[in-house]
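This report concerns only the one structure given below.
The values are calculated or read from the model by the stated rules, or taken from the named source; none is laboratory data. Predicted model only: the values in this text are computed from it and were never measured. Cβ: placed from backbone, ideal geometry, glycine included. Neighbour counts: every protein chain shown. Note: areas computed on protein heavy atoms with side chains; ligands, DNA, RNA excluded. Shrake-Rupley method; radii C 1.70, N 1.55, O 1.52, S 1.80 Å.
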Amino acid sequence: VWGAWGTTDSLAGLAHHFLRRDYGTFKLSNADTTTDAEYALRLRAYLTSLPDQTLALVGPLAACLGFVTLIARGAGSRSLAAALALGLALYLGPFFYLSNLPVSSPFFRQIQERFWPQPSLVVFALL
């Protein structure tokens, strides 16, 4: 069935669904085309949306201050800061690179915006 991502009534079907074999694990479209050239545009679109989500420029600046504060507190806090930074980097790096929808299209940008709360959670945790 088109768009069903596999039937989940068998173990093989569940694996097919979980691994998104019709689309690819990190790909948002089943099209073979990639939009690697738009990686910088996707990243810039997300970063420019942060002030709207976090009290204008106060939010991103407060998140940076929270990150620096975590690093200054000691070894346990440094580990937390490293884990948060790694999670954010892995999301903004590979996921934004592999999401193969053109952000230059308002329709496809809206689809990608549905995935932006995940990296925003890290930013909000640092506020």
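The figures follow:
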| item | result |
| --- | --- |
| Net charge dipole size for segment 29-127 [Lys, Arg +1 and Asp, Glu -1 on Cβ; Debye, nearest 20] | 320 |
| Principal axis dimensions, largest first and in whole angstrom, of the chain by Cα | 52, 35, 23 |
| Distance (nanometres) between label positions extended 7 Å along Cα→Cβ at Q110 and C64 | 3.3 |
| Mean separation of Cα contacts under 8 Å, 6 or more apart, over the residue count of the chain: relative contact order % | 30 |
| Degrees between helix 58-73 axis and first principal axis of the chain (Cα, 0 to 90, nearest 10) | 70 |
| 1.4 Å probe accessible area per residue over the chain, in Å² | 64 |
| Two-site label geometry, A125 and R78: point separation in nm, points 7 Å out along Cα→Cβ | 1.9 |
| Hydrodynamic radius (Kirkwood) for segment 54-127, which is based on Cα pairs only, to one decimal in Å | 13.5 |
